[in-house]
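Student: Encoded as structure tokens, here's the structure I'll be asking about.
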């Protein structure tokens, strides 16, 4: 059975004093009352900074050996005192400052308000240390009382637990607090992002904590399912669990029974859930979670979820935006805009795609734009139109495909073939039959299309591939996109291929996806390049939200967000649902309380993992130039920057520039 841990924080210049303290506390350790930890226990070769973070997160009691050396240490202040004070404020961590030697500790703001030991304030090693043993014995006895088993229950096994939830949302916040405390009281190490300062180090720490965790509790509420950061945390935990068996996901539905959005359902739909509907369920939920964490039993199966949410309803007359009936009809912006949503803004590109898909022969179309510009929204509208006109649809999203299918061209094309056949409601056994051939993977796929799929359907087929540049991470992307170009060329020789329309949505420059332009499917057919909204489109979207922006505010609004489709919609939604005016929104937009917080923190997460992108973005913000082409195209694809080339580029909007400049 693990014992309460006592962490000793000290300066290495005070080694002798630390050893004297350990000698007295060692009596408690010998008696099985505590487990002592100081940094001299770190094994050579271990990441010692991470080890200190981990041990601090597990500690029940922290003893600070206060001397001038201690107070002058930058490392102790930054790496030990900061997390200790955060846990003390958040969790009530017991901190015992021991005044070891005379120093100006009363002038230190964080220390002067604490109850120090010895209680008379006399340094332990004053008067040549004549009171040393008496003072250290008193401290040891106090620690023994603190860790008395009636006050700290040690679990049979201590686990590292990561809590993923939507900050500043209810009932999420009020539910997380008692669960967090119950886990701490149960002796588990729990990470929760409540008081961390947002920055590049924050993003790295989130990733480290997920990878160090045994379990991730995911609180799924009406608010959290729209959170980009929650989705990113779940995705990272899922991938880490697949590789290591750690960071096991434990989902909790928080008064929410609808279908999950795709970015969460892909990882969570096959996992058992716990459910919470009101505060009367809290104690039951805590018991279920503790039992699941201690492997006593699995979470219960959820009750039957209701059918997926429908489309947004039409407007209820020309009411002002504050009409509660209108506010209740709104959905928080997330992912592709629903087919019947009043908030989809048609652009010239909609008409271009519509005309292309009504042609009496097969076409090839590329939709290219940075992230969150509306590629998927345009794609599903083109697909819906084609379906209404009698075409059969195979819509393939490559983003959620498991890595195992991306290991080789053969494994990917077989999986791709099964997806196409399944989407078209054909017989999957034909894929198995086709793959018995000794031909190469590309030929197998081509003969499956030509010998079975196209003849069997007998109607036009639209093959729509979303997030096609996911394949950029593979070593076969040239071959796959060359195959699509081959199918395109086949139309000239075989009328059967005229039944096939190909649509691809990408964020990357085409030449990065396939190096041989003569084999590229991206330089034939219709090439649609989506742009951010112009001012007229922003005005139209403002009107559809009942004009929360005044006429004189549209210009500054455009200057700040530059017509970024997602940010524009999110800003208008926030103004309508919260009653926040434009000037107030602009002020909080770059703070840690930003309504765009999840979106912005996701970008911090991404660039924090890649120093070369972080450095490139700094140069773009400061000098308007990107130091290398590769970083330029990667940042352009991500949607962070805009520009024709690396010699002249800027952040995509003022919000990104101000927010990232402060944190980089």
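The values are calculated or read from the model by the stated rules, or taken from the named source; none is laboratory data. Just so it is clear, the structure is predicted and the values come from calculations on it, not from any experiment. So basically every Cβ, Gly included, is an ideal-geometry build from the backbone, and we count neighbours across all protein chains shown.
Student: Considering 369, 384, which residue is closer than 30 Å to residue 538 by Cβ, surrounded by fewer than 20 Cβ atoms within 10 Å (Cβ to Cβ), in contact with a strand residue (DSSP E or B) (Cβ under 9 Å, 6 or more places away or on another chain) and touching a residue at least 24 places away in the same chain (Cβ under 8 Å)?
Tutor: Numbers: 369 fails: surrounded by fewer than 20 Cβ atoms within 10 Å (Cβ to Cβ).
Sole residue among the options that is closer than 30 Å to residue 538 by Cβ, surrounded by fewer than 20 Cβ atoms within 10 Å (Cβ to Cβ), in contact with a strand residue (DSSP E or B) (Cβ under 9 Å, 6 or more places away or on another chain) and touching a residue at least 24 places away in the same chain (Cβ under 8 Å): 384.
Student: Within the range 46-69, take every residue that is without any contact (Cβ under 8 Å) to a residue 40 or more places away in the chain and outside any helix (DSSP H, G or I) and give me the one that is farthest from residue 106 (Cα to Cα).
Tutor: Checking each candidate, the answer is 46.
Student: Is there a residue being within 24 Å of residue 363 (Cβ to Cβ), in contact with a helix residue (DSSP H, G or I) (Cβ under 8 Å, 6 or more places away or on another chain), outside any helix (DSSP H, G or I) and in the same structural domain as residue 485 (by TED's automatic domain parsing) anywhere in the range 409-417? Quick ask: steps written out before the conclusion?
Tutor: Taking the range 409-417 and keeping what is within 24 Å of residue 363 (Cβ to Cβ), we get 413, 416-417.
From what's left, in contact with a helix residue (DSSP H, G or I) (Cβ under 8 Å, 6 or more places away or on another chain): 413, 416-417.
Pick out the ones that are also outside any helix (DSSP H, G or I) and you get none.
No: the range 409-417 contains no residue that is within 24 Å of residue 363 (Cβ to Cβ), in contact with a helix residue (DSSP H, G or I) (Cβ under 8 Å, 6 or more places away or on another chain), outside any helix (DSSP H, G or I) and in the same structural domain as residue 485 (by TED's automatic domain parsing).
Student: Which one of the conditions (1) under 17 Å from the mean Cα position of the chain (by Cα); (2) surrounded by fewer than 18 Cβ atoms within 10 Å (Cβ to Cβ); (3) more than 18 Å from residue 166 (Cα to Cα) does residue 243 fail to meet, given that it meets all the rest?
Tutor: With (1) under 17 Å from the mean Cα position of the chain (by Cα); (2) surrounded by fewer than 18 Cβ atoms within 10 Å (Cβ to Cβ); (3) more than 18 Å from residue 166 (Cα to Cα) applied to residue 243, the lone miss is (1).
Student: Sticking with this structure for a sec: Which one is farthest from residue 575 (Cα to Cα), of the residues in the range 527-553 that are part of a helix (DSSP H, G or I) and touching a helix residue (DSSP H, G or I) at 6+ places or on another chain (Cβ under 8 Å)?
Tutor: Residues of the range 527-553 that are part of a helix (DSSP H, G or I), as a first pass: 535-544, 551-553.
Okay, now just the ones that are also touching a helix residue (DSSP H, G or I) at 6+ places or on another chain (Cβ under 8 Å), so 535, 538-539, 541-542, 553.
Details: 535: 18, 538: 14, 539: 15, 541: 13, 542: 10, 553: 13 Å.
In this case the residue turns out to be 535.
Student: Same structure, new question: Restricting attention to the range 467-475, does a residue exist that is more than 31 Å from the chain's Cα centre (by Cα), in a helix (DSSP H, G or I) and farther than 25 Å from residue 356 by Cβ?
Tutor: At the first step, the residues of the range 467-475 found to be more than 31 Å from the chain's Cα centre (by Cα) are none.
Looking for residues that are more than 31 Å from the chain's Cα centre (by Cα), in a helix (DSSP H, G or I) and farther than 25 Å from residue 356 by Cβ, one finds none in the range 467-475, hence no.
Student: Additional query: Which members of the range 540-568 meet the condition of being under 17 Å from residue 652 (Cα atoms) and surrounded by fewer than 17 Cβ atoms within 10 Å (Cβ to Cβ)? Can you show your working first?
Tutor: Within the range 540-568, the first condition is being under 17 Å from residue 652 (Cα atoms), and the residues that meet it are 555-568.
Within the range 540-568, 555, 556, 559 qualify.
Student: Next question, about the same structure. Would you say residue 167 is in contact with a helix residue (DSSP H, G or I) (Cβ under 8 Å, 6 or more places away or on another chain) and either in the same structural domain as residue 215 (by TED's automatic domain parsing) or under 30 Å from residue 247 (Cα atoms) (or both)? So that I can check it myself, show each step before the final result.
Tutor: On the way: in contact with a helix residue (DSSP H, G or I) (Cβ under 8 Å, 6 or more places away or on another chain): yes; either in the same structural domain as residue 215 (by TED's automatic domain parsing) or under 30 Å from residue 247 (Cα atoms) (or both): yes.
Against the criterion (in contact with a helix residue (DSSP H, G or I) (Cβ under 8 Å, 6 or more places away or on another chain) and either in the same structural domain as residue 215 (by TED's automatic domain parsing) or under 30 Å from residue 247 (Cα atoms) (or both)), residue 167 qualifies.
Student: Could you list all residues from the range 629-664 that are over 24 Å from residue 375 (Cβ atoms), surrounded by fewer than 16 Cβ atoms within 10 Å (Cβ to Cβ) and at pLDDT below 90?
Tutor: Scanning the range 629-664 gives 661, 662.
Student: Here's another thing I want to ask about it. Mind telling me which of the residues 613, 604 ends up being at pLDDT below 90, farther than 30 Å from residue 223 by Cα and assigned to a helix (DSSP H, G or I)? It would help to see each step written out before you state the result.
Tutor: Working: 604 fails: farther than 30 Å from residue 223 by Cα.
The unique qualifying residue is 613.
Student: Could you please find all residues in the range 101-123 being farther than 21 Å from residue 146 by Cα and touching a residue at least 12 places away in the same chain (Cβ under 8 Å)? Steps first, please.
Tutor: Going residue by residue through the range 101-123, those that are farther than 21 Å from residue 146 by Cα are 101-110, 112, 122-123.
Of everything in the range 101-123, those that are farther than 21 Å from residue 146 by Cα and touching a residue at least 12 places away in the same chain (Cβ under 8 Å) turn out to be 101, 102, 103, 104, 105, 108, 110, 122, 123.
Student: Output the number of the condition that residue 403 fails; it satisfies all remaining conditions of (1) loosely packed, with under 14 Cβ neighbours inside 10 Å; (2) closer than 25 Å to residue 475 by Cα; (3) free of Cβ contacts under 8 Å to residues at least 12 places away in the same chain.
Tutor: It fails just one condition, (3).
Student: Restricted to the range 476-499, and to residues that are assigned to a loop (DSSP other than H, G, I, E, B) and touching a helix residue (DSSP H, G or I) at 6+ places or on another chain (Cβ under 9 Å), which residue is surrounded by the most Cβ atoms within 10 Å (Cβ to Cβ)?
Tutor: 476
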